[in-house]
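Structure, as structure tokens:
The values are calculated or read from the model by the stated rules, or taken from the named source; none is laboratory data. Remember, predicted model here, so these are calculated numbers, not experimental data. Here the Cβ positions follow ideal geometry from the backbone for every residue, glycine too, while neighbour counts run over all protein chains shown. We work out accessible area using only protein heavy atoms, side chains counted, and drop any ligands, DNA or RNA first. Shrake-Rupley method; radii C 1.70, N 1.55, O 1.52, S 1.80 Å.
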Amino acid sequence: TVTAFGSFRFVIKGSLAGAAVYMAYDQGLLGSGMQGAEALKKAQAALPPAIQEWTSYIGWEVRTLPPTPKFDFSPSDSWNKGVQTVMSALSVAPTRACEYTVEGWKYVKDLVK
């Protein structure tokens, strides 16, 4: 049985999930690699002031914040490297399969002797 509370929780969770997807799309995280890199730069620039504002709002005193980590990471470069690696593996797959087949037959022949 579905209670009113259970359906209310479902609506709340669905709304939060939809809002998260919308925010990710709106900020460019679901776009190209270049859009993702720009969104990461924006987040790195906005994070320290946001933390400072939040801590002052709840009454915590933060004298100094540690510097935000610097990421030397390009999503587009990583994506391109991954695609190149996969394509390289696929291009040598037939040759490797033949080599492994020859080695396998040789091993079986040695076992039978």
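Could you tell me which of the residues GLY18, GLY14 is at pLDDT 80 or above, surrounded by fewer than 11 Cβ atoms within 10 Å (Cβ to Cβ) and within 30 Å of SER78 (Cα to Cα)?
Working: GLY14 fails: within 30 Å of SER78 (Cα to Cα).
Testing whether each residue is at pLDDT 80 or above, surrounded by fewer than 11 Cβ atoms within 10 Å (Cβ to Cβ) and within 30 Å of SER78 (Cα to Cα) leaves just GLY18.
Among the residues that make up region 27-40, is at least one of them open to solvent by 60 Å² or more (accessible area, probe 1.4 Å), among the polar types (S, T, N, Q), modelled with pLDDT under 80 and assigned to a helix (DSSP H, G or I)? Can you show your working first?
Residues of region 27-40 open to solvent by 60 Å² or more (accessible area, probe 1.4 Å): 27, 29-30, 32, 34-35, 38.
Cutting the leftovers down to among the polar types (S, T, N, Q) gives us 27, 32, 35.
Then drop every residue that is not modelled with pLDDT under 80, which leaves 27, 32, 35.
So of that shortlist, the ones also assigned to a helix (DSSP H, G or I) come out as 35.
Taking every residue of region 27-40 in turn, at least one turns out to be open to solvent by 60 Å² or more (accessible area, probe 1.4 Å), among the polar types (S, T, N, Q), modelled with pLDDT under 80 and assigned to a helix (DSSP H, G or I).
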